[in-house]
Amino acid sequence: MNAIALLLVTFLVVLCRGKRSPLGECPYVRPPVDCGGGPGGLEGLGGLFSFGEDKDECSADDECSPPMKCCMMGCNNKCVHPVTQWCQSPVDLAILFDAQKSTWPVVRRKVLKIVHKMSIRNNGTHIALRAISKKNQLLLGFDQLKGRNISHVNVWKSMKAFIPEKGNGNLITALKNAKDMFDGKKGARENAIKLLLVASNADVDFEESDALDEAAQELKDANVLVQTVGITNEMSLMTMVQIATSDIYVWPEVDNEMLNELRKLEKQPCSSDAH
């Protein structure tokens, strides 16, 4: 290697080192429901129009003192300590799904994709299943599987045993019953993230809108994170938004983006990364 080539390689190495981001990842923070009003009453844009008010705000890693990293925290980017070690975070995931024969193959496939992706184990994610059916059938409660029996195989056995019906049940009633699934006396864990995933086309009559609002609000008041995913192209997007904790938790399909967001809930910084 001649002298010019050696100098060029050395320059590139130094340049890359200068651009290197801090080791570790940004801590995961649930996106806020509302970031407040910006100028002129622009709701949700407050974080985009607030400049220089917080000394920890940033736009890139090189604006932070090492080993800090520029991460989205709430409505703004801030300099925070990166996470280098992740530990399992307990999640109690209840899945509420449409139960009619006409869409059952699609529902079954989507629920299977979700179950397969989650880290189902005793100290990890626990699954509960309830059908939006005329009988509001509970297939699996948080208290039914224990220890080593908490597994993907046993969760799926409960799903396979279900027989779909000709028509759907009442979604509002199902949502009210779903809240009870997170009762500590029924196996829900105090230290776990409470997550309800509603897999449904969310077909609700207009005159039931107020009752739907009330059922959804009861879940939010109980600190249950509610996400919705549609089944077919006939899904009611407006109703799905109405049910979800925020419109950012409304999914038209079970895709990689949705599954990755669910997986993020399953990890938390280890104690050595706590600051």
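Readers should treat all values here as calculations from the given coordinates under stated rules, not as data from a laboratory. Everything quoted here is computed from the prediction, not taken from an experiment. Counting neighbours? That spans all protein chains shown, and the Cβs are built from the backbone with ideal geometry, glycine included.
Kindly write out, for region 118-127 in residue order, the coupling ³J(HN,Hα) from the Karplus curve 6.51 cos²θ - 1.76 cosθ + 1.60 (θ = phi - 60°), rounded to whole Hz, with x marking Gly and Pro.
Couplings: 7, 8, 7, 6, 4, 9, x, 8, 10, 10 Hz.
In percent, what relative contact order does region 89-265 have, based on Cα pairs under 8 Å that are 6 or more apart in sequence?
Values: 315 pairs, mean separation 44.8, N = 177.
It rounds to 25 percent for region 89-265.
In a shell of Cβ-Cβ distance under 15 Å around Lys117, excluding Lys117 itself, what net charge do Lys and Arg (+1) and Asp and Glu (-1) give?
+2
State, as an integer percentage, the relative contact order of region 82-147 based on alpha-carbon contacts under 8 Å between residues 6 or more apart. Show your work: numbers first, answer last.
Working: 74 pairs, mean separation 24.5, N = 66.
About 37 percent, as a whole number.
What is the antiparallel percent of DSSP beta bridges lying wholly in region 89-265, to the nearest 5?
Counting DSSP beta bridges with both partners in region 89-265, the antiparallel share is about 10 percent.
Based on the Cβ-Cβ distance from Ser59 to Ser271, what FRET efficiency comes out when R0 is 25 Å, to the nearest 0.05?
Efficiency for this residue pair is about 0.25.
Taking the Cα atoms of region 89-265, report the difference between the largest and smallest coordinate on each principal axis, in whole Å and largest first.
45, 33, 32
Provide the net charge surrounding Asp213, with neighbours chosen by a C-beta distance below 13 Å and charges set as Lys +1, Arg +1, Asp -1, Glu -1.
Combined, the nearby Lys, Arg, Asp and Glu give -4.
Which whole-Hz couplings ³J(HN,Hα) result when phi for each residue of region 148-155 is put into the Karplus expression 6.51 cos²θ - 1.76 cosθ + 1.60, θ = phi - 60°, listed in order with x for Gly and Pro?
Using θ = phi - 60°, the values come out as 5, 6, 7, 8, 4, 4, 6, 5 Hz.
Through the Karplus equation 6.51 cos²θ - 1.76 cosθ + 1.60, θ set to phi - 60°, convert the phi angles of region 237-253 into ³J(HN,Hα) values in whole Hz; use x for Gly and Pro.
Each residue of region 237-253 in turn: 4, 4, 5, 4, 5, 4, 7, 5, 4, 7, 5, 6, 9, 10, 10, x, 8 Hz.
Take the alpha carbon gyration tensor of region 54-100, find the square roots of its eigenvalues, order them as a ≥ b ≥ c, and report rounded if a/c is under 1.5; if not, report prolate when a/b exceeds b/c, else oblate.
Judged from the Cα gyration tensor, region 54-100 comes out prolate (a/c at least 1.5, a/b above b/c).
Amide H neighbours of Val198 under 5 Å, at least 5 residues apart or on other chains, H built in the peptide plane: list them.
Those qualifying (amide H under 5 Å, at least 5 residues apart or on another chain) are Leu96, Gln227, Thr228, Val229.
So which lysines can Lys160 reach, going by Cα to Cα under 23 Å and dropping same-chain residues fewer than 8 places off?
Counting by Cα, and skipping residues close in sequence, Lys160 has these lysines nearby: Lys101, Lys110, Lys113, Lys117, Lys134, Lys135, Lys146, Lys186.
Under the rule of at least 5 residues apart or a separate chain, name every residue whose amide H is placed under 5 Å from the amide H of Glu165.
Gln100, Lys101
Along the Cα→Cβ direction, 7 angstrom out, place labels at Thr232 and Ser119. What is the inter-label distance in nm?
3.7 nm
When the chain is fully extended, how far beyond the present Cα-Cα distance does Arg263 get from Lys186, taking 0.36 nm per residue of separation?
Extending this stretch completely gives an extra 25.3 nm.
List every residue whose amide H lies under 5 Å from the amide H of Gly187, counting only residues 5 or more places away in sequence or on a different chain, with H placed 1.01 Å from N in the peptide plane.
Distant-sequence amide H within range of Gly187: zero hits.
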